[in-house]
Amino acid sequence: MPQKAKFGTKALQAAKKAVTLEFTADDRPGTGPGVPGNVPPLSNHHILSQRYMQLIFRIKEFKGEADYFRRFTNINAMTWKNTATNKLAEWVWTPYNLFQGPTGQYRTDDPKSGIEQTKPHGLDGARWVALKMLAYTLFKHVKEDKLLKILAGEKVKFEVTDELHAELNRWLQAFHDAITEAHGNYAAYGFAGADWAQANGRYRVHACNCKGCNATTHTLAKYQK
């Protein structure tokens, strides 16, 4: 009678062992750069949400490569707060993932903890694509319910596969390449009123709350003074 093969080797045990990362996103690591002197105020908005930025950092750290992100922060010309020895905060608030716009309460399409969906017209396309592909890589390799828990600040466990790590490396490199093509423009993408205009002539800002006004153009005009 044929005998079933027996597998008791260390190789099989290693194959069965999942390389699992346990991760909980910080509420707000460090303090990013403000945009002073604007009334109403402007904010620096993340393109790829800060909690997904944390996840990418933790995956690289898990693989023993946290120093990888120094390539982004060493050429950072912005002033940071509370991040001098905090690699995570430097990465989360890297200016290449930020653009300036009306604060969240003025926006009609603020993604909250999610990913920015509308590209500012003048933002470099290569940078935008690389950031969106980093997001796509996470969506591809980490189950949706776990990603939603990450956005909610809950603890998750998931397998860090070689494929996930390789794809992240590919798009991190593309992101870096886009930055180095910026010819020394290492700041967050600045505010421009035209970026908030839509094809229908309206703007992606809430209507003004002035008595008898209720016009989005008036709200935007406040930012353009």
Residue 6 vs. criteria in a helix (DSSP H, G or I) and either farther than 30 Å from residue 158 by Cβ or modelled with pLDDT of 85 or more (or both): no
Failed item in (1) out of contact with any His (no Cβ under 7 Å at 6 or more places or on another chain); (2) modelled with pLDDT of 65 or more; (3) aliphatic (A, V, I, L, M); (4) under 20 Å from residue 124 (Cβ atoms), with residue 75 passing the rest: (2)
Helices (runs of 4 or more DSSP H) within segment 109-201 that include 1 or more residues within 18 Å of the chain's Cα centre (by Cα), surrounded by 15 or more Cβ atoms within 10 Å (Cβ to Cβ) and among the acidic types (Asp, Glu): 162-180
Some residue of segment 135-145 being at pLDDT 85 or above and closer than 26 Å to residue 191 by Cβ: yes
Residue that is modelled with the highest pLDDT, among those in segment 202-225 that are outside any helix (DSSP H, G or I) and of a type in the set (Lys, Arg): 204
Close pairs (8 angstrom Cβ cut-off, 6 or more residues apart or separate chains): touching a residue at least 24 places away in the same chain (Cβ under 8 Å) in segment 158-177, in a strand (DSSP E or B) anywhere: 158/20; 158/21; 158/23; 159/20; 159/21; 160/20; 160/21
Residues of segment 14-69 that turn out to be in a strand (DSSP E or B) and modelled with pLDDT of 70 or more, as a count: 9
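The values are calculated or read from the model by the stated rules, or taken from the named source; none is laboratory data. Fair warning: this is a prediction, and the values are worked out from it, not measured in the lab. Ideal geometry is used to build each Cβ from the backbone, glycine not excepted, and the neighbour counts take in all protein chains shown.
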